Amino acid sequence: MKIVKITMLLFFFMGVVGCSNTEEKALQYLEDKYAEEFEVMWVNDDLVTVHPKGKTDVVFSIQEDGNGYVDTYLPAKWAQELQEKLKVDIEKELPLGAPYKVILRNTGTDPDLMGKSVEEILQFNKNVNVSIIAGIKTNDSPDVSQYSQNLYNLFNLMKSLNTEQYVLSVGFVDESEDISEFINTAYTNNIPWSKLEKKVYGEVNVDFRLDPENPSPNVEPRMILNGPENIIDNYESFME
């Protein structure tokens with residue numbers, strides 16, 4: 001019995017040391033590369049989720065592969081810059097205090113781009129994918145018509161950035177739920193509204209394929225965003 005206990009303890013401590021080494025190596029790599037300090041949020045196998053020290057709203061991941069490390073710091077950094085730039089325009093379309101996050105993908109991660117502003121990235125790289133994820137609190141299944149004009153305005157705000165791909169994802173969540181961490185880590189957690197372990201009434205997901213000026217041929221005509229009323233058509237309820 002003692003042998004079993006000792007063996008289990010050894011495996012436990014080996015796991016702790018391995019995890020610690022993973023964190024330390026990842027942090028050292030990032031600090032050498034960007035000349036900044038970073039802090040670990042959590043570790044999942046060899047995937048480490050981190051943020052710059054003192055900047056808890058810039059959440060990204062770093063992972064070791066066969067050729068070294070791959071990190072997503074620059075897209076997260078530029079996304080936060082864009083969020084600050086669009087802050088007033090976004091917040092006037094959402095209920096007061098509604099949590100939201102701007103996410104950028106396909107920006108490139110070459111460290112030579114470090115000195116570029118988000119405006120420069122969007123101007124010269126039209127392949128960038130811009131997303132806004134937001135949560136709206138309600139005390140029951142929502143009347144989406146109350147929010148349709150505002151969400152339509154957000155869709156057009158994203159369209160105005162002139163990237164090839166853009167996505168607006170809005171979850172309608174019970175007012176008792178705290179989704180602040182989910183929103184803040186949306187770039188790394190990859191959890192859809194339908195899988196969130198919270199009381200979510202439904203979602204509106206609209207993207208570049210619904211642009212009435214260049215709609216995808218695979219989209220139903222009633223879903224195309226010719227006006228705010230089509231936001232309602234794109235609402236998906238999770239309630240039975």
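Quick notes
- Within the set Lys87, Lys55, Lys101, the sole residue that is basic (Lys, Arg), open to solvent by less than 30 Å² (accessible area, probe 1.4 Å) and closer than 30 Å to Ser176 by Cβ turns out to be Lys101.
Rundown of residues vs (1) within 30 Å of Met41 (Cβ to Cβ); (2) of a type in the set (Gly, Ala, Ser), yes/no style:
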| position | (1), (2) |
| --- | --- |
| Met158 | yes, no |
| Gln165 | yes, no |
| Leu168 | yes, no |
| Val173 | yes, no |
| Glu177 | yes, no |
| Ala186 | yes, yes |
| Asp207 | yes, no |
| Pro215 | no, no |
| Ile224 | no, no |
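- Residues of region 192-233 satisfying the condition of being within 18 Å of Lys137 (Cα to Cα), surrounded by fewer than 18 Cβ atoms within 10 Å (Cβ to Cβ) and within 20 Å of the chain's Cα centre (by Cα): Pro192, Ser194, Lys195, Glu197, Lys198, Lys199, Asn205
- Taken over region 216-240, the criterion of being of a type in the set (A, V, I, L, M, F, W, C) and not in a loop (DSSP other than H, G, I, E, B) is satisfied by Met223, Ile231, Ile232.
- If the condition is being surrounded by fewer than 18 Cβ atoms within 10 Å (Cβ to Cβ) and either farther than 30 Å from Val50 by Cα or of a type outside the set (A, V, I, L, M) (or both), then region 178-191 contributes Asp178, Ser180, Glu181, Asn189, Asn190.
- Within region 166-189, the set of residues being within 30 Å of Glu213 (Cβ to Cβ) and free of Cβ contacts under 8 Å to residues at least 60 places away in the same chain comprises Tyr166, Val167, Leu168, Ser169, Val170, Gly171, Phe172.
- Criterion (under 23 Å from Tyr201 (Cα atoms) and either at pLDDT 95 or above or more than 16 Å from the chain's Cα centre (by Cα) (or both)) met by exactly one of Leu104, Leu96, Leu122: Leu96
The values are calculated or read from the model by the stated rules, or taken from the named source; none is laboratory data. Since this is a predicted model, take the numbers as computed values, not measurements. Cβ atoms come from the backbone with ideal geometry, glycine included; neighbour counts cover every protein chain shown. Side chains included, ligands, DNA and RNA excluded: accessible areas come from the protein's heavy atoms. Shrake-Rupley method; radii C 1.70, N 1.55, O 1.52, S 1.80 Å.
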